[in-house]
Amino acid sequence: MKILQTIFVIGLGSILLACGQEPKSDLPEGEEMSNLEKEHILEKVTYADSVNADLLEDTFKGSARREAKAIIGGNEIRINYGSPGVRGRVIWNGLVSYDQVWVSGSHWATAISFSEDVMINEVNVPAGMYGFFTIPGRKEWVLILNRVYDMHLADEYEESEDIVRVSVKPEILETPVQRLTYEVELNSDNAVEVSMAWDQIKVKLPVGLK
């Protein structure tokens, strides 16, 4: 399956954090960034890629903020997420509990946006930004798009705000993915799959284009 130009963007925050400095914003003097803006500054992007390629040992205890983006037929799909590392830990039914709503990343909610309307599980999803949550299970996962993305972890998650839910079977990977990674993969001319891989598990959200 061909992976569409998934671009991991290096933000200003990544450069400054690599130097041990705090990330700066482009806000006017005297104005402060919101917690949401602070959480979505991209950092340590090349570090996470290097760890996944076995070029570096993963010694960073934090979670890099990363972004995947693809433009297909004029529809820009963007996923902004926290990327924790395995670092020798038990992930599934360990660090991440089965049968509980998970933020599908770390810290602030994973945010997925579409510049144009899409179809997911026969539900019309208007262009906009959504929170992407999951309910991991041993044999089946539930993938969720929720109206609320400005949220720390899943602390304020409410099922009543769900736009759509999709049940999928997890794929078992032969080679573990050390740092949680999202990609946008081409499925057909009018459909893509948003995939999330971490450790030895990969799940895919089918997205129909219009």
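Values in this text are rule-based calculations from the coordinates and carry no lab data. This one's a predicted model, so the numbers in the text were calculated from it and none came from an experiment. FYI the Cβ positions are ideal-geometry reconstructions off the backbone, even for glycines, and counts take in every protein chain you see.
List of remarks:
- Take the Cα of D58, step 7 Å toward its Cβ, do the same at E171, and the gap between the two points is 1.9 nm.
- Entries in K69/K202; K69/K169; K139/K204; K69/K204; K69/K139 that, when Cα-Cα distance is taken, lie over 22 Å: K69/K169; K69/K139
- Extension gain (nm, one decimal) between E159 and E76, 0.36 nm per residue minus Cα-Cα: 27.2 nm
- DSSP-defined beta bridges in region 111-159 - what % are antiparallel, rounded to 5: 100
- Annotation for region 113-197: GluC sites (Glu not before Pro) lying in DSSP loop with at most 16 further Cβ atoms inside 10 Å of their Cβ are E116, E122, E140, E156, E158.
- Compactness of region 46-194 is given as radius of gyration and Dmax, 15.4, 43 Å, from Cα positions.
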